Amino acid sequence: MKTETTRTTRRALLRAGLAGGTAALTTGTAAGARAAGDPAITEIQDWNRYPGKGVDATPYGSPSSFEAHVIRKNVPWLTSDPISSVNFTPLHEIDGIITPSGLCFERHHGGIAEIDPNAHRLMVHGMVDKPLVFTMADLKRFPRENRIYFLECAANSGMEWRGAQLNGCQYTHGMVHCVMYTGVPLRTILNEAGVKPEGKWLLAEGADASAMTRSVPLEKALDDCMVAFGMNGEALRPEQGYPVRLVVPGWEGNMWIKWLRRLEIGDQPWQQREETSKYTDLLATGKARRFTFLMDVKSVITNPSPQAPIRHGKGPLVLTGVAWSGNGRIKRVDVSVDGGRNWHTARIDGPSLPKALHRFYYEFDWDGSELFLQSRAIDEAGFVQPTKDQLRGVRGSNSIYHNNGIQTWHVTEEGSIENVEIS
Amino acid sequence: MSKFRKPLLIIGLSVLASAATALAGDGEHFKLGRVATPDELLAWDIDVRPDGLGLPDGRGTVAHGMEIFDENCASCHGDFGEAVGRWPVLAGGKGTLQADRPEKTIGSYWPYLSTVFDYVRRAMPFGNARSLSDDDVYALTAYLLYLNDVVTNDEFELSKENFADIKLPNETNFIDDDRTKEPFYADKSEPCMENCKPDKATIKAHAAILDVTPEDAGEDDQPANGGIE
């Protein structure tokens, strides 16, 4: 502590002395030549002169202080209480296909459970040969796999059913993230208990204060689901279900039970609150669809967008965004700058993995005129992202969930951007 | 190492060959974990299905449910389930499912009574989950039926025995996922690339007019819809 203070003081003194010296120099000699240069180049910067902090300054690293605005944000009036609420991934501030762990949106129904992994158990029971209990240490002795998947909340873009509402892709589309999971295939764990032939459904339950539950068809459970304890190479974050969560690739985020503690096999779905009262899609007819598990083909332009206006004026512009589909890979993304009159095929860059985010770019010369930006994704099953009007035409405006309609951003001549609906 | 590799390969293959192999449970085992005890199963297996599977022994009346509700639930959900502020509404809303602002409650929307029992037992009261006795949960479920006019007699007693006989009014209005039949999904032809719409785009609606984005929104700004669920 003492050395730190002394060093700071000495450095401050040095700096003061130097500034005086520079001033003297400037007035004395070629002031004109100096003024013509970029001070970022012509002046020696502090970081170029004084050594920075040593290796252990932040044993667990954090982003540059200049990136402090790159954070999840919530919309307080959306929910009654932050314990059962949501915040949003800052999609306009990130690139590539992997979401940094600390920026993955959060949705909890009973707050973040802080679980001691030594006190955590996973139980497998119901229609099985023998009910089993696993510790975290047990789970880490099964053969594992690493897989990259997107996770999207079924209510992502839910506000927009009733027309343009929120200004920013963080709020309209930020209930999605994509990370690499490390874990055990669910079938390996179920197989250990021995699923009986009558078993058709799986109930997954969390250990949090909402004891979150969802019914998953056994076919899906045995296909590509995982019991994951890692994300992006490290342990799951508490808000993402530490120490262990379910991964249900391509299906709605609510099913990816966090803080996973129980797996029960049965012959019927359990009709839990989150598959009856919630996560059912009310249609204009008054009927409601249930078990709408799959997340449809979707895309959004993340830059430019309302929170990331065009500040550089006319000329070269990098338009970028993300696309994803619960059906598998994204085959193509088209971009329109005139509100869907004409489309240009965008360039997909980076890995193209099934049920993962895809990054697309469309570079063009902006002439400074008004734009209506849209993106349209097509997945490998041939499904084309619909317009919001097409969706409303069939479903009405009260579905809340599964809004994958094409998003429009209006760019003004000044470069400011707004969420709009157009003809 | 080689000992470990083999079973892994076999499992991978058996799953590829047929899901039924894994289903029947005759794939390779790792002999990890231990058998769950009956007390452990009893402690955690609290889910209840519409056919009544999983219901514990117990009973409770509407009148008793009202007492518990007033004390433990009404502060958020209102005396009659009408809700205080933005907490969830539990009663009313009948006939609103096709309205501009549907009110989805136990009486107007939920398909099964078992969900009420299951959910209240696992997650309510908010902030003190698992604090109610099974009899309390029967009584509260009975009272929620009463608040929703599904039962009208306040002496009605709900029990494990009569539970599965009670149907909620909206049960038949739930349908299977038929999204792939929607015209824009059924039609898998190549989408239009050029001159797809006649006139220049014009703005029909601005998010800015509603101005509900957090950075610019005042405290009182509310969205057109009730938010996410």
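The values are calculated or read from the model by the stated rules, or taken from the named source; none is laboratory data. Computed from a prediction, not measured in an experiment: that's the story for all the values here. Methodologically, a virtual Cβ is constructed for each residue, glycine included, from the backbone with ideal geometry; neighbour enumeration extends over all protein chains shown. What goes into the accessible areas is simple: the full protein's heavy atoms, side chains included, and nothing from ligands, DNA or RNA. Shrake-Rupley method; radii C 1.70, N 1.55, O 1.52, S 1.80 Å.
What to note about this one:
- With a Förster radius of 51 Å applied to the C-beta separation of residue A:413 and residue A:381, the computed FRET efficiency comes to 0.80.
- Distant-in-sequence amide contacts of residue B:175, defined by a placed amide H-H separation under 5 Å and a gap of 5 or more residues or a different chain, comprise A:288, A:289, A:290.
- Aspartates and glutamates with Cα under 19 Å of residue A:314, excluding same-chain neighbours fewer than 8 positions away: A:338, A:363, A:365, A:367, A:370, A:413, A:414, A:418
- Phi to ³J(HN,Hα) by Karplus 6.51 cos²θ - 1.76 cosθ + 1.60 over region B:125-139, Hz, x for Gly, Pro: x, 3, x, 8, 5, 6, 9, 8, 7, 4, 4, 4, 5, 4, 5
- Inter-part distance where region B:38-90 and region A:64-114 are each reduced to a Cα centre, Å: 31 Å
- For residue A:128, the amide hydrogen comes within under 5 Å of the amide hydrogens of A:196, counting only partners 5 or more places away or on other chains and with H modelled in the peptide plane.
- Normalised convex hull volume, region B:45-172, alpha-carbon set, Å³ per residue: 100 Å³
- When region A:129-197 is described by a simple charge dipole with +1 on each Lys and Arg Cβ and -1 on each Asp and Glu Cβ, the residue from A:139, A:161, A:171 located farthest towards its positive end is A:139.
- Here the gap between residue A:137 and residue A:198, fully extended at 0.36 nm per residue and compared with their Cα-Cα distance, gives a gain of 18.9 nm.
- For region A:298-420: rounded, prolate or oblate by the Cα gyration tensor [a/c cutoff 1.5]: oblate
- Debye intensity ratio I(q)/I(0), log10, chain A, q values 0.05, 0.08 Å⁻¹ (C-alpha model): -0.23, -0.55
- The order of A:325, B:133, B:75 by accessible area, most exposed first and with a 1.4 Å probe, is B:75, B:133, A:325.
- Flagged links, alpha-carbon separation over 30 Å, of A:73/B:188; A:258/A:355; A:258/A:298; A:287/A:388; A:278/A:388; B:31/B:160: A:73/B:188; B:31/B:160
- Percentage of interatomic Cα-Cα distances in region A:81-289 larger than 26 Å: 34 percent
- Using the Cβ-Cβ distance between residue A:36 and residue B:87 with R0 set to 41 Å, the FRET efficiency from 1/(1 + (r/R0)^6) comes to roughly 0.05.
- Cβ-derived FRET efficiency at R0 41 Å, residue B:200 paired with residue B:178, nearest 0.05: 0.70
- Length-normalised contact order of chain A in % [C-alpha pairs under 8 Å, at least 6 apart]: 15 percent
- Mean per-residue shielding of peptide A:103-115 is 1, counting Cβ atoms of other chains within 10 Å of each Cβ.
- 20 Å Cα-Cα reach of residue A:53 towards lysines, excluding residues that sit fewer than 8 places from it in its own chain: A:2
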